[in-house]
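See structure below.
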Amino acid sequence: MSTTTAHPPPSRPGPTSTTGATAPPPKVFVGEWAAQEGRPTPNLRAALGDAAWLTGILRNSDHVVMECYAPLFSHVRDNTWATNLIAYDGLTSYHSPSSYAQQLLRTHRGDTVLPTEVRALPGLSAVTTRDHRTGRLYVAVVNTGGTPRTTSVRIDGIRTIEPTGRAEILSGPGPEATNTLSDPTAVVPRSVPLNGLGTWFTYTFPAYSVTVLRLHGG
């Protein structure tokens, strides 16, 4: 997987008007999207679909400036809509795997989207961003398949990558895994250290997972 260059991709031109001038690219709000599997909240399979969708949203964030999942809330015994991001009863609430997947991608990203290429790796969706203030790279990869994927990751256009970093991982024992009022943390993100990193390294993305690799570029 060739992940990134040091520079953002060029802006895509907008439509040309009748006067010959190029109009600004359109700005898009994507509202009320969701993968519908699981009741009253999405299971891990739905979370992986949502996360793969969000990698596309992030890759096109020069056009897509806002997005909103829906529906958001449901009482566990009164489902107006079948699949909802967060469920509750009269005393407590819990987040679904999809809620955690979205939090993971939204809180671990930089200010610039970088080109990312996935070669001959079906079932993987990816997006790379960079925080130019800190130099940190975020390589987000969704593995929707039931097999761990050992992958070569190559970072182009950056002189050095520090040898240590962290991986933020959301995964579960199977695609039907989910959270409930009685077991609200069955599927939650975990953070693990990374070693042996560089501009070219190998990483195994777990089955049924959303992973963000946090790397420090020089």
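The values are calculated or read from the model by the stated rules, or taken from the named source; none is laboratory data. Every value quoted in this text rests on a predicted model; they were computed, and no experiment measured them. Here the Cβ positions follow ideal geometry from the backbone for every residue, glycine too, while neighbour counts run over all protein chains shown. When the accessible area is computed, the model is the full protein with side chains, heavy atoms only, and any ligands, DNA or RNA have been set aside. Shrake-Rupley method; radii C 1.70, N 1.55, O 1.52, S 1.80 Å.
Residue-wise test of (1) buried (at least 19 other Cβ atoms within 10 Å of the Cβ); (2) part of a loop (DSSP other than H, G, I, E, B).
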{"position": "PRO42", "(1), (2)": "yes, yes"}
{"position": "ALA52", "(1), (2)": "yes, no"}
{"position": "GLY56", "(1), (2)": "no, no"}
{"position": "CYS68", "(1), (2)": "no, no"}
{"position": "LEU105", "(1), (2)": "yes, no"}
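Farther than 23 Å from ASP50 by Cβ, among the hydrophobic types (A, V, I, L, M, F, W, C) and surrounded by 13 or more Cβ atoms within 10 Å (Cβ to Cβ) - does that describe any residue in segment 142-154?
yes
Only one of these is touching a Lys or Arg at 6+ places or on another chain (Cβ under 8 Å), among the aliphatic types (A, V, I, L, M), in a strand (DSSP E or B) and exposed (fewer than 15 other Cβ atoms within 10 Å of the Cβ): VAL192, VAL113. Name it.
Working: VAL113 fails: exposed (fewer than 15 other Cβ atoms within 10 Å of the Cβ).
Selected residue: VAL192, the only one of VAL192, VAL113 that is touching a Lys or Arg at 6+ places or on another chain (Cβ under 8 Å), among the aliphatic types (A, V, I, L, M), in a strand (DSSP E or B) and exposed (fewer than 15 other Cβ atoms within 10 Å of the Cβ).
What's the number of the only condition in (1) in contact with a Pro (Cβ under 8 Å, 6 or more places away or on another chain); (2) outside any strand (DSSP E or B) that GLY90 fails to meet?
Here GLY90 clears every test but (1).
Any residue at all in segment 146-158 that is under 30 Å from SER93 (Cα atoms) and assigned to a loop (DSSP other than H, G, I, E, B)?
Yes, there is a match, as at least one residue in segment 146-158 is under 30 Å from SER93 (Cα atoms) and assigned to a loop (DSSP other than H, G, I, E, B).
Assess whether ASN179 counts as being open to solvent by 10 Å² or more (accessible area, probe 1.4 Å) and either in contact with a Lys or Arg (Cβ under 9 Å, 6 or more places away or on another chain) or at pLDDT 95 or above (or both).
Answer is no for this residue.
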